[in-house]
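Here, each number is a calculation from the coordinates, and none is a lab measurement. Small disclaimer: the values here were computed from a predicted structure and weren't measured. Ideal geometry is used to build each Cβ from the backbone, glycine not excepted, and the neighbour counts take in all protein chains shown.
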Amino acid sequence: MKWSKLLVSTLVVSSLAAAAPAFAEREIADEPAWDSEPAPHNYDPQKREEADKRVFDKESFQLAANPVIVIDPGHGGDDPGAVGNGLKEKDLTLDIGLRAKNYIVANYPATVYMTRSSDTTVSLSSRTSFANAQNADFFVSMHINAATDASANGVETYAYPGSVNGKRLATETYNQLKSSFANPRGVKEYAYYVLTYTNMPATLGETGFISNASDASKLAQSSFRQTLATQYASGMHRYWWGF
Ligand SMILES: [Zn+2]
């Protein structure tokens, strides 16, 4: 937790305060940033740059019809992530991640690895070094948002600042996920650890706020989590095969 760095509140200019709704919530989700741990041993900036320049067209599809995907369910074990409304972020992300993996493997010609498949503690460097060791084609980190303002709600996805393919992956998943939420918060950029030290295009999704009663009641339902998993998978499919 890096509250000092990540507590970026939206400031409401006093003259507008009367007319504007209260925005006592973060613009950037509270997830571990680039400086939370040292870089993993196999981080390779050159590889990362080449992957970001890759052009997706029919020719490249012939070369890699079977992508390697790494799904990263946020938190786990000693780290529950955000907690609220009787739910723990680590449980929701694992469930959505496993459902997404099952959906992808059943429907698409892809190889899917998980950074964790149970309620275990996994460091950030282990998550990224694992993806780098697998030579994954892309990386999807799954999280649930939280805010002190219980009215904050909705979905957003992130890419590393300036990453072209990361932004496209974030946009494709966002375009699928946004139909599940009343508040589409947009595609954003931030140097989260897992977006910084992966050698391949990566996104981090925040599907709802555990601190919001309405989002939490939906997240508590397995049918809703299955829908999110399917939407994540569809977004990945559009990213890889959607040319
Ligand atoms: Zn998280």
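What does the charge count around N107 come to, taking other residues whose C-beta lies under 15 Å from its C-beta (Lys +1, Arg +1, Asp -1, Glu -1)?
Counting the neighbours of N107, the net charge comes to +3.
Taking θ as phi - 60°, what are the ³J(HN,Hα) couplings along segment 82-98 by the Karplus curve (6.51, -1.76, 1.60), each to the nearest whole Hz, with x for Gly and Pro?
6, 10, x, 6, x, 10, 10, 4, 4, 6, 5, 5, 5, 5, 5, x, 5
Remind me, relative contact order of the chain in percent, using alpha carbon pairs under 8 angstrom and six or more residues apart?
Reported relative contact order: 25 percent.
Quick one: length gained pulling Q134 to S151 fully straight, 0.36 nm per residue minus the C-alpha distance?
The Q134-S151 span can extend by a further 2.1 nm.
For the cross-link pairs K53/K218; K101/K178; K47/K178; K47/K218; K101/K188; K53/K188, which exceed 28 Å when the distance is taken from alpha carbon to alpha carbon?
K53/K218; K47/K178; K47/K218
Kindly write out, for segment 181-194 in residue order, the coupling ³J(HN,Hα) from the Karplus curve 6.51 cos²θ - 1.76 cosθ + 1.60 (θ = phi - 60°), rounded to whole Hz, with x marking Gly and Pro.
Couplings: 10, 6, 10, x, 8, x, 9, 10, 10, 7, 8, 5, 3, 5 Hz.
Taking the mean number of other Cβ atoms within 10 Å as a proxy for protection, how do you rank 195-201, 102-108 from highest to lowest?
The most tightly packed comes first, giving 195-201, 102-108.
When DSSP beta bridges are limited to those with both residues in segment 31-241, what percentage is antiparallel, rounded to the nearest 5?
30
Which of the peptides 172-181, 132-141, 46-55 is most tightly packed, and how do the rest follow, judged by the mean count of other Cβ atoms within 10 Å per residue?
Most protected by this proxy first, the peptides run 132-141, 172-181, 46-55.
Which cross-chain or sequence-distant (5 or more) residues have an amide H under 5 Å from the amide H of Y113, H modelled 1.01 Å from N in plane?
Amide H to amide H, under 5 Å and 5 or more residues apart or across chains, Y113 pairs with I69, V70, I71.
Determine, from the Cβ-Cβ distance of V164 and S222 and an R0 of 45 Å, the FRET efficiency 1/(1 + (r/R0)^6), rounded to the nearest 0.05.
The computed FRET efficiency comes out at 0.80.
Can you give me the long-range amide H partners of K188? Hydrogens built in the peptide plane at 1.01 Å from N, cutoff under 5 Å, separation of 5 or more residues or another chain.
Residues meeting the amide H criterion: T157, Y158, A159.
Tell me which residues come under 5 Å, amide H to amide H, from S141 once H is placed; ignore anything under 5 positions away on its chain.
Residues meeting the criterion, in which the H sits 1.01 Å from N, are D72, T203, L204, G205.
Using the Cα centre as the reference, give the magnitude of the dipole from point charges on the C-beta atoms of the chain (Lys, Arg: +1; Asp, Glu: -1; all else neutral), rounded to the nearest 20 debye.
Here the chain has a charge dipole of around 460 debye.
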